[in-house]
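Some notes on the structure that comes next.
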Amino acid sequence: MAIAASLESRIHAGRVAAGEVLPPVRELAKSLRVSPATVAAAYRLLRNRGLATGDRRRGTRVRAQADRGRPEAARSTDARDTVDLFSGNPDPELLPSLSAALKAVPIGPGLFGQLPDVPGLITFAKGEFAADGIDVRNVIVTAGGLDAIERVLREHLRPGDRVAVEDPTFPTLLDLLAGSGFIPEPIATDAEGATAEGLNAALKHRAAAIIITPRAQNPTGACISAARAGDLRTVLKRYPAVLLIENDPLGPVAGVPVTTLIGARSRWAIVRSTTKFLGPDLRVALLAGDDLTLARVRARQAVGMRWVSHFLQHLALALWSDPSSGRHLARAAEAYARRREGLLKELSAVGITVRAASGFNVWIPVRREADVVESLAHGGWAVAAGERFRLQTGPGIRVTTSALAPDDARRFASDLALALRTTAPTPA
């Protein structure tokens with residue numbers, strides 16, 4: 001469609017700014033001498049491509065797009081003296097060594113006709129799920145956690161369907177939903193993760209799928225407790241047909257046991273990525289689910305990417321199953337917990353009370369996030385502004401504590417307290 005293509009070209013060229021309201025349908029139709037239905041279809045296509053958001057009441061706005069050519073962290077951490085609390089990366093020093101694992105990877109070309117998944121990796125992954133009290137019959141390999149989530153959603157939903165997600169949540173998930181034409185429906189959260197009231201409200205708005213993070217939620221560090229899980233299961237029982245996806249991004253380094261909500265649901269999936277505990281460049285995730293969901297994902301893989309590199313699968317297995325792996329991952333989990341708790345303690349000492357029970361991200365509510373981010377940048381700290389993480393929740397910043405040293409935590413807390421004072425709104 002020419003109208004959509006023209007607007008898309010202008011958006012990608014930067015001639016239409018993020019947040020800019022596009023002309024009303026009837027107004028643009030009149031100026032272009034086309035029918036309102038033609039313009040409405042163009043706007044719908046832009047929304048389905050993740051380039052625009054909105055509805056009839058609020059108008060259609062251009063959506064902020066991630067900079068595909070350059071990682072976000074690089075824009076905020078170019079200065080050599082800047083401490084990176086922005087990127088969300090694991091600590092490289094706590095990742096397992098590749099050199100020893102590479103020696104265990106079979107040498108030889110991978111050929112057509114082989115099984116798509118390395119049997120040893122599937123067997124090991126099933127054992128890891130079982131160790132967490134999750135009995136899964138089938139597991140398949142995908143190219144990372146987001147790849148798994150996207151594939152599951154596409155096999156069950158259609159563009160325009162609503163997907164309930166925690167609010168706040170990680171921006172790349174919101175980008176994925178927008179790019180797939182799905183509408184995010186916010187679920188209110190607290191320190192124990194998604195709230196029962198928030199989940200019920202999202203489902204009342206006819207969400208067709210739910211994406212829940214049981215532990216190490218990004219950006220809040222929330223963890224679903226046993227009591228909260230019971231409350232959420234009670235809500236879910238009233239909506240048996242809704243697809244439930246559990247995303248477990250940190251796995252064995254989350255620092256707390258996992259609590260699943262799956263129960264006896266007919267349509268479900270559990271996604272466990274290895275990127276945060278084996279390495280971000282290792283694009284391997286394990287996807288468990290009901291038989292129909294996995295059959296659909298497998299069938300679509302077979303006519304597309306076919307399989308995830310067997311070399312990467314063997315490398316993931318070697319890293320994860322090494323006899324010393326359990327001790328190494330336990331030490332990493334302890335280090336992440338110690339650094340996270342260290343920051344919370346320093347923040348409390350300067351009068352800033354926040355909670356984060358797992359993982360290595362902390363969400364700190366602020367009134368003026370852009371001003372706070374800029375003030376901290378002047379002090380040598382790179383943190384993430386909360387705008388791209390949130391739907392209805394208030395402003396905040398995300399701080400990654402994965403490599404935060406104790407002395408740095410103390411200085412950061414002091415600088416943040418100063419930033420909050422100096423950026424506070426002026427009394428009327």
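Some points to look at:
- Among the candidates A337, A377, residue that is among the aliphatic types (A, V, I, L, M) and closer than 24 Å to E93 by Cβ: A337
- Qualifying positions in segment 191-206 - over 23 Å from I270 (Cβ atoms) and not in a loop (DSSP other than H, G, I, E, B): E197, A201, K204
- Of the residues R265, R272, R283, the single one that is closer than 20 Å to T213 by Cα, in contact with a helix residue (DSSP H, G or I) (Cβ under 6 Å, 6 or more places away or on another chain), touching a residue at least 12 places away in the same chain (Cβ under 8 Å) and of a type in the set (K, R) is R272.
- Matching entry among S266, S225 (being surrounded by fewer than 24 Cβ atoms within 10 Å (Cβ to Cβ) and closer than 30 Å to V383 by Cα): S225
- Pick from segment 158-177, criterion β-branched (V, I, T) and not in a helix (DSSP H, G or I), ranking: surrounded by the most Cβ atoms within 10 Å (Cβ to Cβ): V165
- Any hit, segment 223-230, residues being under 18 Å from A202 (Cα atoms) and either assigned to a loop (DSSP other than H, G, I, E, B) or within 19 Å of the chain's Cα centre (by Cα) (or both): yes
- The numbered conditions (1) modelled with pLDDT under 95; (2) within 25 Å of the chain's Cα centre (by Cα) are all true for T400 except (1).
- Test: residue in segment 175-197 that is aliphatic (A, V, I, L, M) and over 18 Å from the mean Cα position of the chain (by Cα): yes
- Single unsatisfied condition, E93 versus (1) surrounded by fewer than 18 Cβ atoms within 10 Å (Cβ to Cβ); (2) at pLDDT below 85; (3) under 25 Å from the mean Cα position of the chain (by Cα): (2)
- Filtered residues of segment 399-426 (kept if under 16 Å from F360 (Cβ atoms) and in a helix (DSSP H, G or I)): P406, D408, A409, F412
- Of the residues V235, V256, the single one that is of a type outside the set (S, T, Y), in contact with a Lys or Arg (Cβ under 6 Å, 6 or more places away or on another chain) and surrounded by fewer than 24 Cβ atoms within 10 Å (Cβ to Cβ) is V256.
- The residue pairs whose first member lies in segment 1-27 and is in a helix (DSSP H, G or I), whose second member is not aliphatic (A, V, I, L, M), and whose beta carbons are closer than 6 Å, counting only pairs six or more residues apart or on different chains, are V25/P36; R26/P36.
- Total residues in segment 320-378, condition under 17 Å from T423 (Cα atoms), more than 24 Å from the chain's Cα centre (by Cα) and without any contact (Cβ under 8 Å) to a residue 24 or more places away in the chain: 2
- Among the residues making up segment 1-49, those that are acidic (D, E) and either exposed (fewer than 12 other Cβ atoms within 10 Å of the Cβ) or modelled with pLDDT of 80 or more (or both) are E20, E27.
- The residues of segment 105-138 that are β-branched (V, I, T) and modelled with pLDDT under 95, listed by number, are V105, I107, V118, I134, V136.
- Test: residue in segment 178-188 that is buried (at least 22 other Cβ atoms within 10 Å of the Cβ), modelled with pLDDT of 95 or more and closer than 17 Å to W363 by Cα: yes
- Restricting the search to helices (runs of 4 or more DSSP H) fully inside segment 270-369 and requiring at least 1 residues that are surrounded by fewer than 23 Cβ atoms within 10 Å (Cβ to Cβ) and basic (K, R) gives 291-302, 325-349.
The values are calculated or read from the model by the stated rules, or taken from the named source; none is laboratory data. This is a predicted model, so every value here is computed, not measured. In this analysis, Cβ positions are derived from the backbone assuming ideal geometry, glycine residues included, and neighbour counts consider all displayed protein chains.
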